[in-house]
Each structure stands twice: as structure tokens, then as C-alpha cells.
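> First, the structure itself, so that you have it in front of you.
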Amino acid sequence: MVKKLRKKFVVTAMLSLLLILVIMIGVINIINVRHIVSEADNLLTMLADNDGYFPNLRKNMIFDPNNPDTLVSPDIPAGDATSDGSTTDVAASEASNDITAPHPGDPNNPFQFDRLNNNRDAEMPYQTRYFWVKLDSSGNITEVNFGHIAAVSEEIASEYAINVANEGKQRGYYHTYRYIVSTKNDGSKLIIFADQSAAILNALTLLLQSVLVGLCALIAMFILVYIFSSQAVAPVVESLEKQKRFITDAGHELKTPLAVISANVDVLEIESGKSEWTTSIKNQVARMNGLVKNLLTLSRMDEERMHVVFSDFDMSKTIKDTAVSFEALATSKGKKYQMDIEDGIHITGDKNAINQLASLLLDNAMKYSSESGSIHVLLNKGSKYITFEVSNTCDAIPSGNLDRLFDRFYRADSSRARETGGYGIGLSVARAIATSHGGSIEALRDGDKIIRFVVTLPKQLPKNIQKQNK
């Protein structure tokens, strides 16, 4: 019980932490991706508003008289050589006119936002890899500019532009390029592509790093939670231990007076004969004995030290003997009683526990089946599992999750339980027995008036159960 409680605590804590980490990593990376897209869109919008050029490079430029399709600086004609024989970079000469003086501050401190923003704005024209294509209103290419990127040729730029124009979207991604389609008043289009390879790679790197950090944090937290889990569940374990000790002690203490009462009633019947009073006393003693037995069974199973003897036995005969013992009672109450038990089914398990399991389910069916209703007992086998089922008609099947029926002291109809003498622990014991054999039990609805309790048991005892009982 302590191991199970500790395991549940660790699993719950780790699942909660995992959920928090997934949300945090997801939010961080989503914000990063949205920022990348926003930055790219702002850049493309600025280029589109300036006919494909950066503002500080576009102003004061004129068309080359010798080449009307080329923009040049009016101060230094395109292609003119400088004094050292090299050609002048028009973009550099124009951009240098707009670079402001360095910001004051500590030169050894790189984390100054004003300086960072100023440098970024100044260097953006040289760091941005982009190209653009112009199309007329008929969709024909009129101009291609790929001088700001090395990975794209004129043919590739034209192909990308035609494909994007045919898609009909205004913004989006095409391969690793973010694009914008700017439509002019005359129907012509300017399609600008900005290379996002570095940004996408950075986003993937951040995702990988955040996942690795999350995994390391998860492993570290697992170690800490596992170490301190015993202390965390200690108060609950202590309370459960006291509860189990009380049930065990009370059960054993009740056995003696119940035995004395039963013996005294027998003596009274010998001396004075049977009467309704002695019969009532014996019935109540039998009920109390059954309650004490079930409580002790649950207590021993909780402590995982229930004395069970596993062996191979004929389950068909055991179930049939138990079912036959209830047949007369069902007939006396006017209930239809049907047995469909396959012969020759053997199982490795505790014969007494399986007998108790069958008795509990049949007793439950007798108590809660409708008047003049029917009870059906079924036993068959598959390739690996054995199915034992007890079904009965009832006036009203409890709504909601039927798994609650296996909770201790749960009774769907308290007034009916008082009439039938139920305490709400029989099905809990049945589940404990099925679990101790490596099996399961579930309650199922079959229409509105039939409830089925299906027990599934393995033919061979699982290895973990075998180890626990060695």
C-alpha cells in the first residue's frame, strides 16, 4: 500500500511538472516564432512601401543615363573607380550619410539597447538577404532584382514569383523565404522574398535547447521528488496504518463475542427450542461474521500480506458448486436462475478466494436483482484469459460511472441497502481478489435493466504475482 501511494504521488507530481514544462516551452517557442514572422513582415512591408529598396538607400538616387533600369548615386556614377582603383559601393556611400555618431556610454558594456537598435538599423540593409520580382497586370515578369542574395538566380527568382502569384496569397512562406505580394493600382505586382534560413535555424536551435533543458529539469525533479516522496506521504501512510490496525484489531475482538453469542443461542435452542427471536439473533450474528470477514480480507489485501495458496484447480467445478448453492434461494424468491458454465476450465489461483469471489457476486445479484427478475451465471475461456460473469436484472441501474460500485462502503441506493443488509464492501473485496490474481473486474450496462459484472482472469498467474507470493 505504501509503495502504491508513493508511486501515485511521484507519478502525479511528475505529470504536473511535465505539463507545466510543456506549456512553458510551447509558449516560449510560439512567441519566438511569432516574433520572427512579425519582424520579417515588417521588413517586407517596408521594402514594399519603397518599391523594393531600403528607405535610406532609395532616396537621392537617380536612374543611370546609360542604363535607364539601374539606380545610381548622383554624386558617384555607377561603376566609377575610386582613387585606389576599386569601384564604389553605392549602397555603402548612401547608407553612410545616415549613420549617426556612436551613443555615449560604457564601451565595454555591449548590452545597451539604444546602441543595439541604432547599429541594427544601420546594418540591416547589408544583413538582409532578399530579392524581388515585378509582374505586370497580365502576370508577365517585367523586372527581377536578385543582387542582394547569392543563393538565387534570375531563373529561380522568376519561378518562385510565378508560383507565389498563382497561389493568390498576400503573405506566406515559400521554402525558406518569407514573401509579400504588393498589388499596385494599375494591377501590377511587386513580390518580395526575404531569406529566413538563419531565423528558422535559430528557432529550431531554441526549440532543441529548450527541450533539452526541460528534460534535464524533469530528470532532476524526478530524483528530488522520489527522494522526498516518502516524507511527503508519511502522514497519509501513518493514518492508513492506524486505520488498518484498528480494523484488524476490531475484527479479531469482535470474533470472540460473536462466537459466544452464537454458542449461547445454540444452547437456548436446545433447551427451549427454536423461536423467531433465536432465529433473528443467529441471522444478525451471521451478518456480523460476514462483515468482519470482509473487513479483515480488505485489511490483509491492503497490507499486501494476504495469506493465499496458489495452485492449479478446476475452476468450473468451484464456480458450479457455488452457483448451485444459490439456486434454491433464487427459486424461493421467484427469480429465474440460469447457469452457463463451461466444463474443464482450470486456473492457477487460490481456490478459497475464487469461491469467495463467486459468492460475493452471486450474493450481490440476489440482493439487488428486481423482483421476479433473472440471474445469469457465465463461465468460459479464451486463448489466454478466463471470463466469469454474473448478470442480473434490476429496477434502476445507477447513473454515471459504474466503477464507483467497487468503492468501499459505496451504495447506490442506501434505503435498498438497509433492506437487503448490504454494507457496501462486498464488491470492493471482489475487486481485491481479482487484482490479487492478476485479473480485473468491471461493471457494464446491458440496456436499461440489466447490469453485468465481468471478471477476467489469466489462466497462468503473472510472474509479478508469483514473486510476491514466494
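Computed from the coordinates by the stated procedures, all read-outs in this text should not be read as laboratory data. A quick note: this is a predicted structure, and the numbers were derived from the prediction, not measured. Because the Cβ atoms are built from the backbone with ideal geometry, glycine has one as well, and the counts that use them run over all protein chains shown.
> Once you have a ≥ b ≥ c as the square roots of the Cα gyration tensor eigenvalues for segment 309-468, tell me rounded if a/c is under 1.5, and otherwise prolate or oblate according to whether a/b is larger than b/c.
prolate
> Also: Classify segment 241-372 from the C-alpha gyration tensor, please: rounded if a/c falls under 1.5, else prolate or oblate depending on whether a/b exceeds b/c.
Oblate, since a/c reaches 1.5 and b/c is not below a/b.
> Ordered by packing density, taken as the mean number of other Cβ atoms within 10 Å over each peptide's residues, highest first, how do 148-161, 349-362, 191-204 rank?
Peptide ranking by packing, descending: 349-362, 191-204, 148-161.
> I've got another one for you. What list of ³J(HN,Hα) values in whole Hz, one per residue of segment 161-178 in order, does the Karplus curve 6.51 cos²θ - 1.76 cosθ + 1.60 (θ = phi - 60°) give from phi, with Gly and Pro shown as x?
5, 4, 5, 5, 4, 5, 5, x, 8, 8, 9, x, 10, 10, 6, 9, 10, 8
> Something else about it: Here are some pairs, 255/381; 244/336; 317/384; 8/242; which of them have Cα atoms lying more than 31 Å apart in this structure?
Long pairs (Cα-Cα over 31 Å): 255/381; 244/336.
> Please work out the Cα center distance from segment 325-381 to segment 218-238, rounded to the nearest Å.
44 Å
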